[in-house]
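Undergrad: I have a structure I would like to understand better, so I am pasting it below and will then ask my questions one at a time.
The values are calculated or read from the model by the stated rules, or taken from the named source; none is laboratory data. Only a predicted model underlies this, so the values are computations on that prediction, with no experimental measurement involved. Virtual Cβ from ideal backbone geometry, glycine too; neighbours counted across all protein chains shown. In case anyone asks, the SASA skips ligands and DNA or RNA and just uses the protein heavy atoms, side chains included. Shrake-Rupley method; radii C 1.70, N 1.55, O 1.52, S 1.80 Å.
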Amino acid sequence: MPSLLELFLAFSGMAVMGFGGVLPWARRMLVEQRGWLSPAEFNEALSLGQFLPGANIVNVSVVVGQRFRGVLGSIAS
């Protein structure tokens, strides 16, 4: 389970590297590199992020943070 600092650094780094479209970077980081989510779990988080208002990747980061660390995880992500 990632710490609050790990969540913050992971999503901050993704935001810096992926200006203009970070969804492929997010999937690679969350599923392939860090192994925090399975492909099916990532798809569920993405579909929820697309359903909610706002930017998809921001919603995905909130969902992932909530899953691992609750409200503080959502804020850190």
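Undergrad: If you go through the range 27-34 one residue at a time, do you hit one that is open to solvent by 100 Å² or more (accessible area, probe 1.4 Å), basic (Lys, Arg), more than 12 Å from Val64 (Cα to Cα) and in contact (Cβ under 8 Å) with a residue 12 or more places away in the chain?
TA: Scanning the range 27-34, I find at least one residue that is open to solvent by 100 Å² or more (accessible area, probe 1.4 Å), basic (Lys, Arg), more than 12 Å from Val64 (Cα to Cα) and in contact (Cβ under 8 Å) with a residue 12 or more places away in the chain, so the answer is yes.
Undergrad: Please go through the range 46-69 and pick out each residue that is without any contact (Cβ under 8 Å) to a residue 24 or more places away in the chain, more than 16 Å from Met1 (Cβ to Cβ) and not in a loop (DSSP other than H, G, I, E, B).
TA: Selection gives Leu46, Ser47, Leu48, Gly49, Gln50, Phe51, Val58, Asn59, Val62.
Undergrad: Here are Leu5, Leu37: which of them is open to solvent by 50 Å² or more (accessible area, probe 1.4 Å) and touching a residue at least 24 places away in the same chain (Cβ under 8 Å)?
TA: Leu5
Undergrad: Taking the criterion of being modelled with pLDDT under 90 and hydrophobic (A, V, I, L, M, F, W, C), would at least one residue in the range 28-39 satisfy it?
TA: There is at least one residue in the range 28-39 that is modelled with pLDDT under 90 and hydrophobic (A, V, I, L, M, F, W, C).
Undergrad: Just to be sure before I move on: is Asn59 open to solvent by less than 40 Å² (accessible area, probe 1.4 Å), polar (S, T, N, Q) and modelled with pLDDT of 90 or more in the structure I sent?
TA: Judged against the criteria, Asn59 is a match.
Undergrad: Here are some residues: Met1, Met29. Which one is assigned to a helix (DSSP H, G or I) and within 16 Å of Ser77 (Cβ to Cβ)?
TA: Details: Met1 fails: assigned to a helix (DSSP H, G or I).
Exactly one of Met1, Met29 is assigned to a helix (DSSP H, G or I) and within 16 Å of Ser77 (Cβ to Cβ), namely Met29.
Undergrad: Consider Met17 carefully, then state whether it is open to solvent by 50 Å² or more (accessible area, probe 1.4 Å), of a type in the set (A, V, I, L, M, F, W, C) and either out of contact with any helix residue (DSSP H, G or I) (no Cβ under 6 Å at 6 or more places or on another chain) or free of Cβ contacts under 8 Å to residues at least 24 places away in the same chain (or both).
TA: On the way: open to solvent by 50 Å² or more (accessible area, probe 1.4 Å): yes; of a type in the set (A, V, I, L, M, F, W, C): yes; either out of contact with any helix residue (DSSP H, G or I) (no Cβ under 6 Å at 6 or more places or on another chain) or free of Cβ contacts under 8 Å to residues at least 24 places away in the same chain (or both): yes.
Spelling it out, Met17 is indeed open to solvent by 50 Å² or more (accessible area, probe 1.4 Å), of a type in the set (A, V, I, L, M, F, W, C) and either out of contact with any helix residue (DSSP H, G or I) (no Cβ under 6 Å at 6 or more places or on another chain) or free of Cβ contacts under 8 Å to residues at least 24 places away in the same chain (or both).
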